[in-house]
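> Take this structure first; my questions come after.
The values are calculated or read from the model by the stated rules, or taken from the named source; none is laboratory data. All of these numbers come straight from a predicted model, not from anything done at the bench. All Cβ positions, even for glycine, are placed from backbone atoms using ideal geometry, and neighbour counts span all protein chains on display.
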Amino acid sequence: MPGGICRGVGVGGHISGGGYGPLSRRYGLISDHLYGVEVVTVGRDGSTNLTVATRDGPHRDLWWAHTGGGGGNFGIVTRFLLRSPGSDGSDPATALPAPPRAVLTTRLTLPVTTEDSFLRFMRNYLEFFSVHRNPGNRFAGLYAPISFRPTLTGFGEMLILQTADEPDARARVEEFIATVTEGVFPGPVIRPLTEQSYPDTVANTYYAGAPSDRRVKTKAAYCGSPTRPNNSAFSTAISSPPPPSANRKSNSCRSAVLSTRSRPIPRPHRRATRS
Ligand SMILES: Cc1cc2nc3c(=O)[nH]c(=O)nc-3n(C[C@H](O)[C@H](O)[C@H](O)COP(=O)(O)OP(=O)(O)OC[C@H]3O[C@@H](n4cnc5c(N)ncnc54)[C@H](O)[C@@H]3O)c2cc1C
């Protein structure tokens with residue numbers, strides 16, 4: 001699945017909030033592959049209903065709400081039904097995207113640098129992904145999240161993952177590195193490329209050795225337009241501010257955005273990084 005690979009993230013909030021990961025540049029968000037949800041909703045009178053909402057069924061709005069509207073806003077999901085668009089589910093081999101045969105991994109560490117050089121680096125990085133942004137582009141198999149914090153050897157670190165299925169996968173990584181580091185002085189330190197299966201990459205590369213109970217209070221939400229023009233219930237919820245007494249939770253995407261302003265994280269968790 002093209003979702004995130006961080007430990008401590010559960011499917012409940014991740015799929016409902018959209019969810020992206022190393023394979024998303026090729027396969028989209030994890031919610032793009034959400035065919036349906038079995039969800040418990042609560043009526044105005046407090047009664048509960050168990051509904052199966054699918055992308056082609058009678059409760060399409062409720063399914064759509066779970067493809068990026070954020071967890072905890074519409075009901076309690078008891079089952080996620082996963083099937084890619086275009087599949088009727090009859091062939092498990094094609095119901096979901098095929099995982100890559102293997103993944104190339106390296107890390108790029110940016111030493112402390114001048115402001116000009118830093119800006120050059122960021123411009124190179126953003127322009128690269130601006131050029132290679134369309135579905136199916138030559139670098140759709142490349143995922144390179146970057147984080148900045150002081151370390152022993154530098155202050156910026158980029159994890160570079162490239163699916164190894166393409167015959168010139170190594171050359172693509174080299175081309176990417178050459179592009180983002182062009183004109184950057186001093187140059188970055190690059191670790192040797194390793195090749196592992198996707199599960200081993202997940203297990204050994206991301207947060208290797210980190211405690212598995214790392215949690216932060218974050219809520220993902222990606223608000224898009226309803227796919228049906230007359231989706232009045234949701235467009236009202238998103239566009240009108242709630243009355244002062246209203247519970248923020250009832251305001252779909254807006255409440256998801258508000259709740260990303262998390263409380264300060266206690267010190268031991270400050271070292272945690274988000275992808
Ligand atoms: C270390 C870390 C790394 C991350 N990396 C990524 C990443 O790479 N890509 C990415 O897209 N996001 C990433 N995220 C964000 C993550 O996807 C969201 O925080 C997501 O909401 C977490 O879901 P959860 O179920 O684990 O969290 P929770 O805090 O348990 O849930 C989040 C919200 O969803 C609700 N919820 C949970 N389960 C259900 C359910 N079954 N039915 C209805 N509502 C439910 C909860 O009530 C809550 O409101 C990361 C988060 C962390 C902490």
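Rundown of residues vs (1) of a type outside the set (Phe, Trp, Tyr); (2) out of contact with any helix residue (DSSP H, G or I) (no Cβ under 8 Å at 6 or more places or on another chain); (3) crowded, with 17+ Cβ neighbours inside 10 Å, yes/no style:
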residue	(1), (2), (3)
Ser130	yes, yes, no
Pro135	yes, yes, no
Ile146	yes, no, no
Pro150	yes, yes, no
Gly154	yes, yes, yes
Asp165	yes, yes, no
Asp168	yes, yes, no
Val180	yes, no, yes
Val184	yes, no, yes
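> Select from the stretch 38-50 the residues that are more than 15 Å from Ser16 (Cβ to Cβ) and in contact (Cβ under 8 Å) with a residue 12 or more places away in the chain and list them in ascending order. Show your work before the answer.
Going through the stretch 38-50, the residues more than 15 Å from Ser16 (Cβ to Cβ) turn out to be 42-50.
The answer is Val42, Leu50.
> Six or more apart or on different chains, Cβ atoms under 9 Å: show the pairs whose first residue is in the stretch 8-37 and within 20 Å of Leu62 (Cα to Cα) and whose second is of a type in the set (D, E, K, R) and within 10 Å of the ligand (Cβ to nearest atom).
Between residues of the stretch 8-37 that are within 20 Å of Leu62 (Cα to Cα) and residues that are of a type in the set (D, E, K, R) and within 10 Å of the ligand (Cβ to nearest atom), the close pairs are Gly13/Lys219; Gly17/Lys219; Gly36/Arg79; Val37/Arg79.
> Follow-up question, since we're still on this one. Criterion first (away from the ligand (no atom under 12 Å from the Cβ), closer than 23 Å to Thr194 by Cα, more than 21 Å from the chain's Cα centre (by Cα) and not aliphatic (A, V, I, L, M)) does Thr105 satisfy it?
no
> How about the stretch 99-136: which of its residues are closer than 23 Å to Pro167 by Cβ, small (Gly, Ala, Ser) and either at pLDDT 95 or above or in contact with an Asp or Glu (Cβ under 9 Å, 6 or more places away or on another chain) (or both)?
Ala102
> What is the one condition in (1) of a type outside the set (Gly, Ala, Ser); (2) closer than 20 Å to Ile177 by Cα; (3) within 24 Å of the chain's Cα centre (by Cα) that Thr114 does not satisfy?
(3)
> Next question. Among the residues of the stretch 56-66, is any touching a Ser or Thr at 6+ places or on another chain (Cβ under 6 Å), away from the ligand (no atom under 12 Å from the Cβ), closer than 30 Å to His132 by Cβ and modelled with pLDDT of 95 or more?
The answer is no, given that none of the residues of the stretch 56-66 is touching a Ser or Thr at 6+ places or on another chain (Cβ under 6 Å), away from the ligand (no atom under 12 Å from the Cβ), closer than 30 Å to His132 by Cβ and modelled with pLDDT of 95 or more.
> Of the residues Pro2, Pro100, which is crowded, with 18+ Cβ neighbours inside 10 Å, more than 15 Å from the ligand (Cβ to nearest atom) and not in a strand (DSSP E or B)? Show your work before the answer.
Working: Pro2 fails: more than 15 Å from the ligand (Cβ to nearest atom).
None of the other options fit; the residue is Pro100.
> Next question. Taking Asn73, is it polar (S, T, N, Q), buried (at least 22 other Cβ atoms within 10 Å of the Cβ) and over 30 Å from Ala102 (Cβ atoms)? Steps first, answer last, please.
Working: polar (S, T, N, Q): yes; buried (at least 22 other Cβ atoms within 10 Å of the Cβ): yes; over 30 Å from Ala102 (Cβ atoms): yes.
Criteria met by Asn73.
> Sort through Val52, Val42, Val37 and tell me the only one that's within 13 Å of the ligand (Cβ to nearest atom), farther than 19 Å from Tyr198 by Cα, surrounded by fewer than 21 Cβ atoms within 10 Å (Cβ to Cβ) and of a type in the set (Val, Ile, Thr). Give the derivation first.
On the way: Val52 fails: within 13 Å of the ligand (Cβ to nearest atom); Val37 fails: surrounded by fewer than 21 Cβ atoms within 10 Å (Cβ to Cβ).
Just one listed residue meets the conditions, Val42.
> Tell me yes or no: at least one residue of the stretch 178-194 is in a strand (DSSP E or B), modelled with pLDDT of 95 or more and among the charged types (D, E, K, R).
Within the stretch 178-194 (the criterion being in a strand (DSSP E or B), modelled with pLDDT of 95 or more and among the charged types (D, E, K, R)), the answer is no, since none of the residues qualifies.
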